[in-house]
Amino acid sequence: MEEGRALERCPFCGAYAAYREDQRLVKAKPIRPQYFPKWYVECQECGIRTPVADIPTVTKMWNRRI
């Protein structure tokens, strides 16, 4: 992992990734939005992404390498 970066590079293309907010939940305005996971990690080059979850979970999913 690069120094100071929370996310590994994309395992498919090697580009950088970023956290993204799932806008579907923002538009829906659920009664208790704090209970709904709304983040995912997406490669800025090829677009591969994780499922939606909280930030610690999507970070673990993205950084997992087999």
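Quick note: the coordinates plus some simple rules give every number you see, no bench work behind them. Not measured: the values here are computed from a predicted model. So basically every Cβ, Gly included, is an ideal-geometry build from the backbone, and we count neighbours across all protein chains shown.
Annotations for the structure displayed:
- Applying 0.36 nm per residue to the separation of Ala18 and Arg49 and subtracting their alpha-carbon distance, the gain on full extension is 10.2 nm.
- Exposure proxy shown here: for Val58, Val52, the number of other Cβ atoms within 10 Å sets the order, fewest to most, as Val52, Val58.
- Taking each residue as 0.36 nm, the span from Ala6 to Thr57 lengthens on full extension beyond its C-alpha to C-alpha distance by 17.1 nm.
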